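Worksheet: the structure to be examined is printed underneath.
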Amino acid sequence: LSAETWDKKKKNSDPNHCRIVVSVTEGPFLGGSSVAWNQVNSASERRIATTIAAKIESIMKHRGTEDAVLPAHPESTISVVEFAIPAQARKDLSVGKELLENGQDLDKGIQFLQKAAQEYPKYAEAYLLMGIAYGHQNKWSDASSALDRAIEIDPKYTAAYLALGALDNQQKKFAEAETPLLKAAELNPDSADVQLQLARTYWGLNRWQDADPHAQKAVQLAPDIAEGHVLLGNILLRKQDAPGALREFKESLRLAPN
């Protein structure tokens, strides 16, 4: 509540004074470019919003049985996670993200993300997106620095650990990729992206036995990702299971014929 609203609240103790709607949305980012970068919204953000929503629901139940008043228009719903972020910073991030998603102009998109970070220095998502954009430009040092900053701001930012590990995998720095990816798996063990990247890491380190359970889980969680089936097929060949490998390779080609 703003100071002015809080003053009114103190003068009017009506429990119906305020209605709050918690909404969390997520969507794909740079689809098809890299499995690890498809999810921008982190598990920690969703967890925080869910916790707040549950607390609000508990409070409202204790106050009475009246129905909640939903906003008449979707745009009137305020994201709990974004509440503290200045409007201009959110706007700049939105423009930057759209430019990146459309693949129109990475440099221009990065400029908007940098503006968002300047306006709100603790904007972890802005640094995450910057890291991803720099990665697409093969600016590895800039990408790592941006992702490190996102993690510094939010030590439980699953998406940042995932992107950092994927960045190391892309550079074949498999030994370095293991640490951030294990942290991402600790934070969100049911992420197919995290499991697939870990499988890639261990495969790159020639530790196919360690890659096996992660590849299996990645395929289980996201059976429509062709890369997971290819990797699992390679692992099954190492296990001398040719029929199983053939099955996975055929499925990968069904999902991605080209």
Taking the range 103-125 and keeping only residues that are more than 18 Å from the chain's Cα centre (by Cα) and open to solvent by 80 Å² or more (accessible area, probe 1.4 Å), one is left with Gln104, Asp107, Lys108, Gln111, Lys115, Gln118
For the range 179-204, give me each residue that is open to solvent by less than 40 Å² (accessible area, probe 1.4 Å) and of a type in the set (D, E, K, R).
Asp193
For the condition in contact (Cβ under 8 Å) with a residue 40 or more places away in the chain and among the aromatic types (Phe, Trp, Tyr), what is the one hit in Tyr202, Tyr157, Tyr161?
Tyr157
Can you list residue pairs whose Cβ atoms sit under 6 Å apart, with the first residue in the range 86-112 being without any contact (Cβ under 8 Å) to a residue 40 or more places away in the chain and over 15 Å from Leu128 (Cβ atoms) and the second being open to solvent by 50 Å² or more (accessible area, probe 1.4 Å) and among the acidic types (Asp, Glu)? Count only pairs 6 or more apart in sequence or on different chains.
Pro86/Glu119; Gln88/Glu119; Leu99/Asp105
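Give the range 146-166 a look and list any residue that's part of a helix (DSSP H, G or I), under 24 Å from Tyr202 (Cα atoms) and not acidic (Asp, Glu), or say none. Let's see the steps before the verdict.
To start, the set of residues in the range 146-166 that are part of a helix (DSSP H, G or I) comprises 146-153, 158-166.
Filter once more, so that each one left must be under 24 Å from Tyr202 (Cα atoms): 147-148, 151, 158-166.
Those that are part of a helix (DSSP H, G or I), under 24 Å from Tyr202 (Cα atoms) and not acidic (Asp, Glu): Leu147, Ile151, Thr158, Ala159, Ala160, Tyr161, Leu162, Ala163, Leu164, Gly165, Ala166.
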Looking at this structure, is Glu186 closer than 22 Å to Leu147 by Cα and touching a Gly at 6+ places or on another chain (Cβ under 9 Å)?
no
Considering every residue within the range 126-134, establish whether at least one is closer than 22 Å to Gly109 by Cα, modelled with pLDDT of 95 or more and open to solvent by 60 Å² or more (accessible area, probe 1.4 Å).
no
Of Ala215, Ala184, the only residue that is in a helix (DSSP H, G or I) and more than 30 Å from Gln114 (Cα to Cα) is Ala215
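The values are calculated or read from the model by the stated rules, or taken from the named source; none is laboratory data. Predicted model, so just to flag it, every value in this text is computed and none were measured. Quick reminder, even Gly has a Cβ in these numbers, built from the backbone with ideal geometry, and neighbours come from all protein chains shown. Areas reflect the complete protein model, heavy atoms only, side chains present, ligands, DNA and RNA absent. Shrake-Rupley method; radii C 1.70, N 1.55, O 1.52, S 1.80 Å.
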